[in-house]
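Structure record follows, encoded as C-alpha cells.
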Amino acid sequence: MSLLRRLFLILIVIAAFAVAGGFAWLNPDLVSLDLGFGVVDVPVSYALITCLAIGWLLGLLTASIWLMRALREKRRLNRSVRKAEAEVENLQKLPLADGG
C-alpha cells in the first residue's frame, strides 16, 4: 500500500472519529430503547453507532454471500473452459479427411 494511500486512510479514520466525537458531544441526551426483553437507557450517540455497526455487519454478510456465489460460478465456468479447451485440443489432433 502506498504511503499516500495509507495517509489518506488515516486522515479519513481521524475525521470519522472527530465527527463521531462531535456528534456525541452535541447529543448527550439519553434515549430509552425497548428491546422486547428489557428497556435500556443509552446516549443517542451510542444508539446510533450501534445501529450503524449492525447495518455495516449485515451489509458485509450480504456482500460475502454474493461473493461466494460469484466465486462458485467462476469455478464452474473455469471447469467448462478447461473442458472445452481439452476438446478443441483433441479435435486438432485428429487427422483431416480428404473431401475427394
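Taken together, the values in this text are just the output of simple stated rules run on the coordinates, not laboratory data. Remember, it's a predicted structure, so these values are computed and weren't measured experimentally. In this analysis, Cβ positions are derived from the backbone assuming ideal geometry, glycine residues included, and neighbour counts consider all displayed protein chains.
Numbers below:
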read-out	value
Cα gyration tensor shape of the range 1-42, rounded if a/c is under 1.5, else prolate or oblate by comparing a/b with b/c	oblate
Helix 44-93 vs. the chain, principal-axis angle (Cα, 0 to 90°, nearest 10)	0
Furthest towards positive pole of dipole, Ile10, Pro28, Val81, structure part the chain, Cβ charges	Val81
Within the range 66-100, trypsin sites (Lys or Arg not before Pro) in DSSP loop having at most 11 other beta-carbon neighbours inside 10 Å	none
Structure-based [θ]222 nm, the chain - -39500 (n - 2.57) summed over DSSP H runs of at least 4, per residue, nearest 500	-27000 deg cm²/dmol
Theoretical FRET efficiency, 1/(1+(r/R0)^6), r = Cβ-Cβ of Leu71 and Phe37, R0 30 Å, to 0.05	0.20
The range 1-66 versus the range 76-95: alpha-carbon centroid distance in Å	52
Estimated dipole of the chain in Debye, rounded to 20 [Cβ of Lys and Arg +1, of Asp and Glu -1, Cα centre]	580
25 °C / 0.890 mPa s Stokes-Einstein diffusion coefficient of the chain, Kirkwood radius on C-alpha pairs, µm²/s	124
